[in-house]
Structures are given as structure tokens and as C-alpha cells.
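Asks: Pasting in a structure now, in C-alpha cells, and then I'll have a few things to ask.
Just so you know, all these numbers are worked out from the coordinates, no wet-lab data involved. Everything quoted here is computed from the prediction, not taken from an experiment. Cβ coordinates were reconstructed from backbone atoms using ideal geometry, including for glycine residues, and neighbour counts include every protein chain displayed.
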Amino acid sequence: MASPLNKLRELSAQIRQLECALELLDWDSQTGAPAGGVEGRAAQIALLSEIIHQKLSSSSLGRLLDAAEREPAAKEFFNARLIRFLRREYEINTKVPARFVSRFARLTVTAQRVWEEARSNNDFKRFSPYLHDIFQMNAEYSGFFAGEHIYEPLLRRFEPGFSAGEVERVIGELRPAQVALVKRAVTEEKARGATLLRHKFSIGAQKRLTQWAAGILGFDFNCGVISESMHPFTCTVGVHDVRITTNYRESDLSSLFSTFHETGHALYEQNVAESLIGGVLGSQVSLSLHESQSRLWENMVGRSPDFLHCVYKQIKRFFPRVATTMEEDDFVAVVNEVAPSLIRVDADEATYNLHIIIRFELELALLRGELSVADLPEAWRAKVVEYLGIAPGSDTDGVLQDVHWACGLIGYFPTYLLGNLISAQIWRAANRAIPDLPYQLRRGQTSALRQYLTEKLYVFGGAYDAEEALEHICGEKLSPEPYLEYLRNKFL
Ligand code: ZN
């Protein structure tokens, strides 16, 4: 008869298969599925989510976990992590009623449709009743976990490693330093008089550049593909099948940097240990940790003057006319320009965190009842003025710009900011371990860095929480200082 631990492994494989099926549905809906099929897909998604919820909240899982914890092998590292993962999920899923899960799913499917409409018509009033219900249901969700910080259960869905109190403290520490830094970086930029060159970049050449960009970072094309979607994303739809997307605009090279970003996510997924793939620990557990890798490859590598030296050679190859009017130095300056902007997804490295801080503070105020949804656009505007020094002319460029809240994802945004902080801590450790890393990157050599990150992080899949990974790789706790230091070195 199978031991309780073996039964947990079987369950872990089943849950993972169901999650992959959900990812495949998501991939399909974002990469070309017909709009008419939306209701059918919503029914499939709801059914799969319900099955996962049933499996993770059944009393038999509770008994199995109790029995598995008594096995001597339960103390071995990966067994202990599997038990911990399923124990957390069990405790969450048994506290949240199935009826709440389906009510919330229905609300967010409709809310997303309304949000799209509201955003294209700059009509916040149309969306506000849905947003009100979404925040109310998130507060209700928090209420299932009585006695905790109101943000804690929401954050935990995406980031189990850090407490809400800790995130609040770190953000409080980061904000004034980051605001001051951006003010100075923008001034310096103007003083330098960086040449802003505007060109047209043909989509065909961008597609070839994208293949090169993913390839040079180490994307495994045998176990992955690159496609297109409105918003770039990465998903793992099965064993050895990790997919990324990008989005092409003739006016700029954002496809290049989004490819670096998504390839960073994909490298994590493609290098998980064979023994973990196919189970719940075969993929991300901490979104912050995952984001740290996309940011590290996109920014610390992809926007470093050293690596841009070899990127520029490809610009010359794919866009020969552009290269005749844009020197390498101009290119490096343009892709590292610091300029406060209204749209989060287009924000540069130095200002990005401020966009997240705005969302985090507003989420907290709404959840605590200190702010009403009706007053949200005005509160948004005031914070953008205060932190970024500019004001959105419309709600489309303000409070309606992100899809996250319409999807019900409250507590998600901080993982972007935490990912930035973690990326700098890991980057510092990697540079200590590989002293000639800048020289290697200048020559387009990424294998030593990839190998270092694989051994230290990727092979462990979702076994580590973010805090544990930081301890394991850097021997330190989460801190905003290395990221601030990285920004100061680069932009001041
Ligand atoms: Zn990302």
C-alpha cells in the first residue's frame, strides 16, 4: 500500500496537471482564441478551479498530512517542503467556502469585461460598482482569517514568505529614498542631455531580434515557444513546456526588453530539478522570487552598458539604418532614460517602484475603509503628483490602467516591488561569486550567470520561500538598501 507521503506526491502531481490545464486555457485566451468562446472558457476555468479547491480542502487531505508528518522521511528537505506547501493550501482552502470561490470567480469574469469597456471610454463610474464589490469581497476573504493584519491573507496568495507588516515596513523605508532618488536622477538625465532618438523598427526585424534575445539568455526552444499577446507573460503549460509572449510596436524596442523579462521567468521554470517538475513544487511559489529573476535578466543584465555592447551589434545587424544615426552610447542612454511616466508597464527602472507604492497604499486605505471607491480617482491623482511629479489627464492613464484589480488580484502589486529589491540582493551575490561577470556579459556570455542562478535557485523550484532563498543565496534578509545602491550607482 502506498505510504501517506507517496499519496501526497500523487495528489501533488494531480494538482499540478490541473493547474497546467488552467495555464493552457489562459495561454489560449491571450494568444488568439476567439472572443465568442469566452463563456465556454469561463465555464472550463470555473470547473477546474472548483476541482482544485475540492482536492485541497477535503478532510482526507487533512488526515493524509497528519499521517505523512509522522513518517521519518517527512524531515527530508523536499518532503518537508511538499508537506508545508500542501498544509498551507489545506488551511487556506478549508477556511474559504466553495460558494465564496465561485461567487468571486463570477464577479471577476464580469468585472474584467466591464473594465475593458470603462478603460477604453475613460469611464470610471461604469467600473466603480464592480471595483467596490471586488474590494468588499477581498475584505470578506481577509475576514476568514480572523486576527491577522487585513492585508496578510491577500498577500499570502501570491507571496507566502513575507508578512504584511514586514512589507509595510520595507515600503515605508523605501518610499522617501526612492522619491528623492528619482528627483535627482531626472535632473542628472536632463543635464546629460541624452539624445532621444525616435525611429521606426520593422516588426519582422524585431521578431528576429526577439529570437536572438531569448536565445542568448539561454531560453530552451526545444521546451518552449515565443508568441504574441497584448500584455507579455510567461506560462508553464506542462512538463518541459514553458511559453513566453511579447508585444511588438513599430515605435520602439519594448519587445526586446519584454523578451529579456519573460525569458528571465522562463529560465527559472526551465531549470527546475527534474525530480520536482510535474509536482506542485515544480513551479513558482513566491511571485516576488520569480519576478526577481525576470527583473535581473531584463534590467541588471539586459540594460547594463556591458551587455548592451553586444546588443548594439545586433541592432546594427537587424536595423542597419537606425544604427547609422544612433551610436552605441546614445543607445545605452536611451534605454536607460529616467523619466517619470503615467503608465506602470512603460516605467523605467528608477521610477517603477513608485507606481507600486501608489497601488499598495491605495489598496490598504480601501481595505481599511479609510478611502471610498468613489474617491479613488482623485486619491490616485494626488499620489501620482506627490511621488512622480506629474498628473494623469484621464482615468484611462490613471486608476483604470491595470487589469489586476478587475481580476480580483488585491495584494499582488507588492510582489513586483519585492522582486526588484530581491533582484538587487541576488545580483550583488552573483557578482561576488563571478568577479569577471561584466566582462563576460560584454562578450555576450551568459552561461556562468545562468549556471550560478540555476544551482542557487532555479533547481529548487518552489521549495524555497523568498525569505529562505535570500538567506540561502545571500545570507541576508530582505532589504531595500542594495536596490537603492544599485540605482544610485547607475543613475546618479
Ligand atoms: Zn514578470
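Asks: Spelling out what I want: for every residue of region 305-315, take phi, set θ = phi - 60°, compute 6.51 cos²θ - 1.76 cosθ + 1.60 (Karplus), and round to whole Hz; glycine and proline get x.
Replies: So the J values, rounded to whole Hz, are x, 5, 5, 5, 4, 7, 5, 4, 4, 6, 4.
Asks: Under the Kirkwood approximation for Rh and a Cα-based Rg, what ratio Rg/Rh is obtained for region 33-141? Could you put the intermediate results ahead of the total?
Replies: On the way: Rg = 19.0 Å, Rh = 16.7 Å.
Radius of gyration relative to Kirkwood radius: 1.14.
Asks: Figure the gain on full extension for Ala33 and Asn122 (residue separation times 0.36 nm, minus the Cα-Cα span) and round it to one decimal in nm. Let's see the in-between values first.
Replies: Details: separation 89, 0.36 × 89 = 32.04 nm, distance 2.62 nm.
My answer for the length gained is 29.4 nm.
Asks: Okay, next question. With a Förster radius of 22 Å, plug the Cβ-Cβ distance of Ala98 and Gln14 into 1/(1 + (r/R0)^6) and report the FRET value to the nearest 0.05.
Replies: Working from the Cβ atoms, E equals 0.75.
Asks: Moving on. Please list the radius of gyration and Dmax for region 296-344, considering alpha-carbon atoms only, with Å as the unit.
Replies: Here Rg and the maximum Cα pair distance are 11.9, 33 Å.
Asks: Percentage of Cα-Cα pair distances in region 209-274 greater than 18 Å, rounded to whole percent? Write down the numbers at each step before the final one.
Replies: Details: 594 of 2145 pairs.
Of all Cα-Cα pairs in region 209-274, 28 percent lie more than 18 Å apart.
Asks: Let me ask something else about it. Rounded to whole Å and sorted largest first, list the principal axis extents of the Cα atoms in region 5-87.
Replies: Its Cα atoms span 53, 24, 15 Å along the three principal axes.
Asks: Right, another one. Which whole-Hz ³J(HN,Hα) couplings does region 241-252 yield from phi under the Karplus relation 6.51 cos²θ - 1.76 cosθ + 1.60, θ = phi - 60°, glycine and proline marked x?
Replies: 3J(HN,Hα) across region 241-252, in whole Hz: 9, 10, 10, 10, 10, 9, 9, 9, 10, 5, 7, 8.
Asks: Which value, in Å to one decimal place, does the Kirkwood hydrodynamic radius take for region 106-229 when every pair of different Cα atoms is included? Please report the intermediate quantities before stating the final value.
Replies: Details: mean 1/r = 0.0493 Å⁻¹.
Computed over Cα pairs of region 106-229, the Kirkwood hydrodynamic radius comes out at 20.3 Å.
Asks: Each residue of region 281-298 in turn: what ³J(HN,Hα) in whole Hz from Karplus with 6.51, -1.76, 1.60 and θ = phi - 60°, glycine and Pro shown as x?
Replies: Coupling constants for region 281-298: 8, x, 9, 4, 10, 9, 5, 5, 5, 5, 5, 4, 7, 5, 5, 4, 6, 6 Hz.
Asks: I'd like the per residue volume of the convex hull spanned by the Cα atoms of region 364-492, given in cubic angstrom.
Replies: On the way: hull volume 22.9 nm³, N = 129.
Looking at region 364-492, the number lands at 178 Å³ per residue.
Asks: Taking every alpha carbon pair in region 193-304, what does the distance histogram look like in 5 angstrom bins from 0, in percent?
Replies: Using 5 Å bins, I get a P(r) of 2, 12, 22, 22, 19, 11, 6, 3, 2, 1, 0 for region 193-304.
Asks: Per DSSP H run of n ≥ 4, the term is -39500 (n - 2.57); total these for the chain, divide by its residue number, and report the mean residue ellipticity at 222 nm rounded to 500 deg cm²/dmol. Write down the numbers at each step before the final one.
Replies: Details: 21 runs with 309 residues, N = 492.
So the calculated ellipticity at 222 nm is -20500 deg cm²/dmol.
Asks: Reported to two decimal places, what Rg/Rh ratio describes region 367-409 when computed on Cα atoms with Rh from the Kirkwood expression? Write down the numbers at each step before the final one.
Replies: On the way: Rg = 11.0 Å, Rh = 11.2 Å.
Ratio value, two decimals: 0.98.
Asks: Counting residues in region 273-385 as N, plug N into 2.2 N^0.38 Å and put the Cα Rg over that result. Spell out each step's value before the answer.
Replies: Numbers: Rg = 20.0 Å, N = 113, 2.2 N^0.38 = 13.3 Å.
For region 273-385, the normalised Cα radius of gyration is 1.51.
Asks: When the expected Rg is taken as 2.2 N^0.38 Å, what fraction or multiple of it is the alpha-carbon Rg of the chain?
Replies: Values: Rg = 22.6 Å, N = 492, 2.2 N^0.38 = 23.2 Å.
Against the compact-globule rule of thumb, the ratio is 0.97.
Asks: Using alpha carbons only, how many angstrom separate the centre of region 296-324 from the centre of region 455-492?
Replies: 26
Asks: What are the principal axis extents of the Cα atoms in region 142-182, in Å, biggest first?
Replies: Principal extents (Cα only, largest first): 40, 17, 12 Å.
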